[in-house]
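Input: one structure, supplied below.
What follows draws every value from the coordinates through simple rules; no lab data is involved. Everything quoted here is computed from the prediction, not taken from an experiment. Glycine also receives a Cβ, built like all others from the backbone with ideal geometry; neighbour counts cover every protein chain displayed.
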Amino acid sequence: MYKNFFKRILDFLFSLFLIIILSPLMIVVAITLKIIQGSVLFKQERPGLNAKIFTIYKFKTMSDEKDENGNLLPDEFRLKPFGKLVRSLSLDELPQLFNVLKGDMSFIGPRPLLVEYLELYNEEQKHRHDVRGGITGWAQVNGRNDISWAKKFELDLYYVKHCSFLLDLKIFFLTIAKVIKRSGVNKTGSATTVKFNGRN
């Protein structure tokens, strides 16, 4: 009953509440990003529940700076101090509250990954889409971007099989602790995590 009914009701009510409460902060972040880098939102298609494609929203923490040949600079050069701060505090995830409100996502569940990964999953890994993707999840509080893809999938599938109110509550409080410590935001030594290739 919780996974199939009450979880969605709690997601809707809590996301609506947080959007109202946090709207001043989101406005400040949006205005600052607009002034510093000229763009505010990062939008990308991601697979959600039953692998249905939706558009995910995040605050854009990297600029669109290019080299003399018109190619984007490496991620670490486009991630400015304010973008690093927004990312380290997980403020870049705030626009996903609207994804939760719409029903694209849940607060807690496997992180929605790239569409291109769908064809790389094995039969077991595909089950990560048996639940709505989340803003945070079991993998995020157990290493986030600083663990291997194999470990991430193992943790995602554990969540799918053991989803419950108590587990969600545990992940919620562990997420708060992670945000306060600012741990595991990026892969060690990199601005972004390494892409999944079906084997790593």
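Residue by residue through segment 52-58, which ³J(HN,Hα) values in whole Hz follow from phi under the Karplus form 6.51 cos²θ - 1.76 cosθ + 1.60 (θ = phi - 60°), with glycine and proline marked x?
Using θ = phi - 60°, the values come out as 6, 7, 9, 9, 8, 10, 9 Hz.
Same structure, new question: Considering only the chain, what is the antiparallel percent among its DSSP beta bridges, to the nearest 5?
80 percent
Roughly how big is segment 21-105's charge dipole about its Cα centre, with Cβ charges of +1 (Lys, Arg) and -1 (Asp, Glu), in debye to the nearest 20?
300 debye
With an 8 Å Cα cut-off and a minimum separation of 6 or more residues, compute the relative contact order for segment 1-134 in percent. Don't jump to the answer; show the numbers that get you there.
Numbers: 168 pairs, mean separation 37.9, N = 134.
About 28 percent, as a whole number.
Per residue of segment 30-38, what does 6.51 cos²θ - 1.76 cosθ + 1.60 with θ = phi - 60° give for ³J(HN,Hα)? Whole Hz please, x for Gly and Pro, Karplus curve as stated.
Running phi through 6.51 cos²θ - 1.76 cosθ + 1.60 with θ = phi - 60° gives 4, 5, 5, 4, 4, 5, 6, 10, x Hz.
When the helix-only estimate is applied to the chain (DSSP H runs of n ≥ 4, each -39,500 (n - 2.57), divided by the residue count), what is the mean residue ellipticity at 222 nm, nearest 500 deg cm²/dmol?
Here the helix-only value at 222 nm equals -13000 deg cm²/dmol.
Using a simple charge model, +1 on the beta-carbon of Lys and Arg, -1 on the beta-carbon of Asp and Glu, nothing else, what dipole does the chain show about its Cα centre, in debye to the nearest 20?
Working: 30 positive and 20 negative charges, 95 e Å.
The calculated dipole for the chain is roughly 460 debye.
While we're on this one: Could you tell me which of the pairs LYS7/LYS34; LYS58/LYS181; LYS52/LYS152; LYS58/LYS80; LYS34/LYS151 are separated by over 25 angstrom between their Cα atoms in the structure shown?
On the way: LYS7/LYS34 35 Å; LYS58/LYS181 21 Å; LYS52/LYS152 21 Å; LYS58/LYS80 16 Å; LYS34/LYS151 37 Å.
From the list (LYS7/LYS34; LYS58/LYS181; LYS52/LYS152; LYS58/LYS80; LYS34/LYS151), the Cα-Cα distance tops 25 Å for LYS7/LYS34; LYS34/LYS151.
I would also like to ask the following. From the backbone phi of segment 147-155, what are the Karplus-calculated ³J(HN,Hα) couplings (6.51 cos²θ - 1.76 cosθ + 1.60, θ = phi - 60°) in whole Hz, Gly and Pro given as x?
Result, ordered by residue: 10, 6, 4, 4, 5, 4, 5, 4, 6 Hz.
Turning to a different aspect of this structure: List the residues whose amide H sits under 5 Å from the amide H of SER106, counting only those 5 or more places along or on another chain, with H placed 1.01 Å from N in the peptide plane.
Answer set, sorted by chain and number: GLY133, GLY134, ILE135.
What whole number of Å gives the distance from the Cα centroid of segment 3-22 to the Cα centroid of segment 123-186?
So the separation of the two Cα centres works out to 19 Å.
While we're on this one: Just to confirm the number: angle between the C-alpha axis of helix 165-181 and the first principal axis of the chain, 0 to 90 degrees, nearest 10?
20 degrees
Next question, about the same structure. Modelling each spin label as a point 7 Å along the Cα-to-Cβ direction, I'd like the ALA30/LYS66 distance in nm, to one decimal.
Roughly 2.7 nm, to one decimal.
Same structure, new question: What residue among TYR57, SER148, VAL160 has its Cα farthest toward the positive end of the dipole of the chain, where the charges are +1 on Lys, Arg and -1 on Asp, Glu, each on the Cβ?
VAL160
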